[in-house]
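Asker: Below you'll find the structure I mean.
The values are calculated or read from the model by the stated rules, or taken from the named source; none is laboratory data. Keep in mind the model is a prediction, meaning the values are calculated, not measured. For neighbour counting, all protein chains shown are included, and Cβ atoms are generated from backbone atoms with ideal geometry for every residue, glycine included. These accessible areas exclude ligands, DNA and RNA; they are computed on the full protein's heavy atoms, side chains included. Shrake-Rupley method; radii C 1.70, N 1.55, O 1.52, S 1.80 Å.
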Amino acid sequence: MKYAVSVTDTSYVKEIEESGRKIIESLHDFADDLEKLTTFDYPRGIVFHDLKSATELYSEIPLPAYTSRDLIHLNPLTDAWREIFLSSTVGKEVAKAVEYYSSLEEVDVAMIAAHELTHHADFFHDDFEGDEENMWFEEGMCEYIPRKLMLSGEKFKEITEVENLLIEAYKEDYGEYTLDQFGKSGYRQGESLDYAGDFYDYWRSAETVKTLSRSIVRET
């Protein structure tokens, strides 16, 4: 996959490129597995950023991972994502979440890139593009599929438990509105400036898709 590097702080160039190349290696392995589930078109490439380049120069989206104009944009640094995820635990007594995010690994960041790649799957382009009410399903699938393909069973169980604990911790703050209002608590609708608000519906969507998948397996 072709890639480019964009930074506002040139001291990060080497670190970001090295981390980005590792992400691409993981994406190639993930793509091989994804192709067994669905057809998809590769994006034109991926741009690796430092935080300000991703969230201030190229976009105002506060999370440094998104797809725009057929390019994936990502901050590939584990340390940067560690700080982002840990910020979502501030003020909440969720020790397991703090423990998990404090030990964030390269695979956790690779899964974020895999999430963006999964958006290119043909079953999304055909059926869900522009369908705001069903956005939760696409986002939930883009969380669930990389986890099932990239994580060990133990780590999959661990991240699921962490996010369920955070959902419970934030229910009082953000409410239990239906998922067809995906993004209500985060930057999409401007009701929260916190990373937790941005993640809240991703956590809930991933859990719902996981529950649905287990129901389908039991029925078959």
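Asker: Looking at this structure, is residue 51 touching a helix residue (DSSP H, G or I) at 6+ places or on another chain (Cβ under 8 Å) and under 28 Å from residue 166 (Cα atoms)?
Answerer: In short, yes.
Asker: Select from region 161-185 the residues that are surrounded by 14 or more Cβ atoms within 10 Å (Cβ to Cβ) and either within 20 Å of residue 113 (Cβ to Cβ) or in contact (Cβ under 8 Å) with a residue 60 or more places away in the chain (or both) and list them in ascending order.
Answerer: If the condition is that a residue be surrounded by 14 or more Cβ atoms within 10 Å (Cβ to Cβ) and either within 20 Å of residue 113 (Cβ to Cβ) or in contact (Cβ under 8 Å) with a residue 60 or more places away in the chain (or both), then 162, 163, 165, 166, 169, 170 are the ones that fit.
Asker: How many residues does region 84-104 contain that are in a helix (DSSP H, G or I) and either small (Gly, Ala, Ser) or out of contact with any helix residue (DSSP H, G or I) (no Cβ under 9 Å at 6 or more places or on another chain) (or both)? Full working, then the answer.
Answerer: Kept after step one, since they are in a helix (DSSP H, G or I), are these residues of region 84-104: 84-87, 95-102.
Right, trim to either small (Gly, Ala, Ser) or out of contact with any helix residue (DSSP H, G or I) (no Cβ under 9 Å at 6 or more places or on another chain) (or both) and you get 87, 95, 97, 102.
Count: 4.
Asker: So which residues in region 1-23 are within 19 Å of residue 69 (Cβ to Cβ) and either assigned to a helix (DSSP H, G or I) or of a type in the set (A, V, I, L, M) (or both), if there are any at all?
Answerer: Scanning region 1-23 gives 1, 4, 5, 20.
Asker: Let me ask another. Just wondering, is there one or more residues in region 32-48 that are open to solvent by 20 Å² or more (accessible area, probe 1.4 Å), free of Cβ contacts under 8 Å to residues at least 24 places away in the same chain and not basic (Lys, Arg)?
Answerer: yes
Asker: If you don't mind, another one. Can you spot a residue in region 145-158 that is in a loop (DSSP other than H, G, I, E, B) and within 19 Å of residue 113 (Cα to Cα)?
Answerer: yes
Asker: Hey, another quick one. Show the residue pairs that are 6+ apart or on different chains and have beta-carbon atoms under 7 Å apart, the first residue being within region 2-16 and farther than 16 Å from residue 73 by Cβ, the second being open to solvent by less than 50 Å² (accessible area, probe 1.4 Å).
Answerer: Partner pairs satisfying both residue conditions: 9/50; 13/7; 15/77.
Asker: Now for a different question. Would a scan of region 7-21 turn up a residue that is β-branched (Val, Ile, Thr), surrounded by fewer than 17 Cβ atoms within 10 Å (Cβ to Cβ) and at pLDDT below 95?
Answerer: Within region 7-21, not a single residue is β-branched (Val, Ile, Thr), surrounded by fewer than 17 Cβ atoms within 10 Å (Cβ to Cβ) and at pLDDT below 95.
Asker: Something else now. Considering 53, 26, which residue is at pLDDT 95 or above, open to solvent by less than 30 Å² (accessible area, probe 1.4 Å) and of a type in the set (S, T, N, Q)?
Answerer: Unique residue meeting the criteria: 53.
Asker: I've got another one for you. What number of residues in region 70-88 are open to solvent by less than 30 Å² (accessible area, probe 1.4 Å) and in contact with a Lys or Arg (Cβ under 7 Å, 6 or more places away or on another chain)?
Answerer: 0
Asker: Using the structure shown, decide if residue 60 is assigned to a helix (DSSP H, G or I) and open to solvent by 20 Å² or more (accessible area, probe 1.4 Å). Outline the logic, then answer.
Answerer: Working: assigned to a helix (DSSP H, G or I): no; open to solvent by 20 Å² or more (accessible area, probe 1.4 Å): yes.
No: the conditions fail for residue 60.
Asker: If residue 66 passes every condition in (1) open to solvent by less than 80 Å² (accessible area, probe 1.4 Å); (2) outside any loop (DSSP other than H, G, I, E, B); (3) more than 30 Å from residue 172 (Cα to Cα) but one, which one does it miss?
Answerer: The number of the failed condition is (3).
Asker: Also: List every residue pair whose Cβ atoms lie under 7 Å apart, where the two residues are 6 or more positions apart in sequence or sit on different chains, the first residue falls within region 80-107 and is without any contact (Cβ under 8 Å) to a residue 60 or more places away in the chain and of a type in the set (Val, Ile, Thr), and the second residue, located anywhere, is open to solvent by 10 Å² or more (accessible area, probe 1.4 Å) and part of a helix (DSSP H, G or I).
Answerer: Qualifying pairs under 7 Å: 98/86.
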